[in-house]
Each structure stands twice: as C-alpha cells, then as structure tokens.
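Here is the structure we will look at, set down as structure tokens.
The values are calculated or read from the model by the stated rules, or taken from the named source; none is laboratory data. Bear in mind that the values here come from a model prediction, so they are computed numbers and not experimental data. With ideal geometry, Cβ positions are generated from the backbone for all residues, glycine too; neighbour counts draw on all protein chains shown. These area figures cover heavy atoms from the full protein model, side chains too; ligands, DNA and RNA do not enter into them. Shrake-Rupley method; radii C 1.70, N 1.55, O 1.52, S 1.80 Å.
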Amino acid sequence: MSSPNFVMEEPALLAELGKVAGLHVLDLGCGDAALGAMLLQQGSASYLGIDGSREMVSRAEETLQDARGTVALQNMEELSLPAESVDLVVSRMALHYLEDLDAVLRSCRAALRPGGRVCFSVLHPVITSSDVQASPDQPRGSWTVDDYFVGGARERVWMGDTVTWFHRTAEQYVGALIGAGFTLTALRECEPEPGRFGGDEAELARRRRVPLFLLLSARAT
Ligand SMILES: C[S@@+](CC[C@H](N)C(=O)[O-])C[C@H]1O[C@@H](n2cnc3c(N)ncnc32)[C@H](O)[C@@H]1O
C-alpha cells in the first residue's frame, strides 16, 4: 500500500512547483530534505532546509550531497533571512505545527524577492479538526470531522509521544496568506493520482473518500 503522501500530496505539489531551475529555494520543516535533493537535481540554484529536529537535520545533511544544498537546525518561528534573498519558499506537512502561522508567513514574505512564490501543504483542515485516534491495526475506514470552527491546539499520542498540531479552517489558511501580503494562485485538495496506485483499485477508492491534504500556492505582491 502506497503512502498517502506519494499518491496524493506529492503529485499536486510537483505540479504546483513547476520549473525550479535557477531558483533559490527555502524549505520550512525540511525533514530529511528528500525534496531538496529532488529540486537540486532539477536545477535549483540553491536549497536551504530548516528544521527544528536535530535528528532530521542530520538525516538531511546525509541526503544533501551537493554544495548548493544546506540545512540548518532552526525553528521556523526564528526564521531570519536577508530581505529579498529567496525565489521560492516551500513547506511540506509542517506548518500545521505552528501556533503563530501569521508571523512565519510574514517572515517568508520579507525573505522573498518581488514576484517570488510560497507553496505549502498541510494536513487538510477536515483531518486536523478532530483528534480522534484511528486504529493503528488496520487501514482507516472512517474519519471524524468535529469542532471544525474551533481553531487551536489538538493533541494525539503517537508512538509514545504527545504530538500537538494547530487546527485552522481552510478560510483561515487563505486569510493568513493574504494578510501576510500574498496573492493566492492555487488551492488544491490533492485528489489521488490514479497512476500512482499500481492498479490497486480498492485503495484508490478508499483514498477518494476523504481529503487528507490542503496545498496552497501564492505569489508575493
Ligand atoms: C511531517 S514532517 C515533514 C518533513 C518534510 N517536509 C517532508 O515532507 O518529508 C514535519 C517536519 O517539521 C518539523 N517541524 C515541526 N515544527 C517545527 C518548527 N516549529 N520549526 C522547525 N521545524 C519544525 C519536524 O521536525 C519535521 O521534520
């Protein structure tokens, strides 16, 4: 069974990113920087990944075997880059961990050159609204949407640790971008890509039931 990121989020993200050759890229919450390696292979001028986890940063350093790629141990909330030094800010599945998304988007806006872009994916708001735990033993067959208009922290115990994320409505994500000085250029709900299911029609049908990811693209104005 393929990961939902592979069959849903990645195709939408790559389509939205388009050509990246020659671009200076910043990746917020870069994880192992697998995306960085891909973007550098596609000709990005530079890639800077930042992540707040020491373990992820060391994995990213192993991934980035290219002088154009760097990684820094840093929380997104402390982002401070020279003004107008970046062409593209990307972030995959990390911004829903931020309590103050507005401040981080304003920092991104300041770091972007005029006309630069931001493109990020988050867990879809219908998924982040409720912290009901799925059974770990079998593929999920039901989802709960609740307290959708009650923004704020949600918690779940995951592999022995408590994970906290911050729920926002789709409207609030779009409002945060506009408020930070961006013009929205795309909103995608990462519909499953049939060609990535290896012919597993039952899994394709399951993934067509509920949106898992929200992807937004915007231009600095
Ligand atoms: C779900 S992972 C996604 C990693 C990567 N973007 C990917 O798609 O594979 C979320 C990442 O965000 C990082 N992260 C979460 N909150 C952060 C924060 N406030 N500042 C920096 N990194 C953060 C985590 O350490 C983790 O590596």
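Miscellaneous remarks
- Applying a threshold of 9 Å to beta carbon distances and a minimum spacing of six or more residues, or different chains, the list of pairs starting in the range 186-212 at a residue that is among the aromatic types (Phe, Trp, Tyr) and ending at one that is open to solvent by 20 Å² or more (accessible area, probe 1.4 Å) reads PHE197/SER2; PHE197/ARG207.
- Tally of residues being of a type in the set (Val, Ile, Thr) and either part of a loop (DSSP other than H, G, I, E, B) or open to solvent by 60 Å² or more (accessible area, probe 1.4 Å) (or both) across the range 152-187: 6
- Close pairs from the range 74-103: first without any contact (Cβ under 8 Å) to a residue 40 or more places away in the chain, partner open to solvent by 30 Å² or more (accessible area, probe 1.4 Å) and more than 11 Å from the ligand (Cβ to nearest atom), Cβ under 6 Å, at least 6 apart: ALA83/ALA110; GLU84/ARG113
- When residues of the range 61-96 are limited to those that are more than 9 Å from the ligand (Cβ to nearest atom), closer than 18 Å to GLY22 by Cα and under 20 Å from the mean Cα position of the chain (by Cα), the one surrounded by the most Cβ atoms within 10 Å (Cβ to Cβ): VAL89
- Any hit, the range 199-216, residues being closer than 17 Å to VAL90 by Cα and in a loop (DSSP other than H, G, I, E, B): no
- Search result, residues across the range 97-151 that are open to solvent by less than 10 Å² (accessible area, probe 1.4 Å), in a loop (DSSP other than H, G, I, E, B) and within 13 Å of the ligand (Cβ to nearest atom): LEU98
- The residue of the range 45-60 that is farthest from ARG92 (Cα to Cα), among those that are hydroxyl-bearing (Ser, Thr, Tyr) and either within 12 Å of the ligand (Cβ to nearest atom) or in a helix (DSSP H, G or I) (or both), is SER58.
- Residue in the range 139-157 that is out of contact with any Gly (no Cβ under 9 Å at 6 or more places or on another chain) and without any contact (Cβ under 8 Å) to a residue 12 or more places away in the chain present: yes
- Scanning the range 8-17 for residues that are open to solvent by less than 10 Å² (accessible area, probe 1.4 Å), under 22 Å from LEU112 (Cβ atoms) and away from the ligand (no atom under 12 Å from the Cβ) turns up ALA12, LEU17.
- Members of the range 18-44 found to be open to solvent by 20 Å² or more (accessible area, probe 1.4 Å), more than 8 Å from the ligand (Cβ to nearest atom) and either part of a helix (DSSP H, G or I) or in contact with an Asp or Glu (Cβ under 6 Å, 6 or more places away or on another chain) (or both), listed by number: LEU23, HIS24, ALA37, MET38, GLN41
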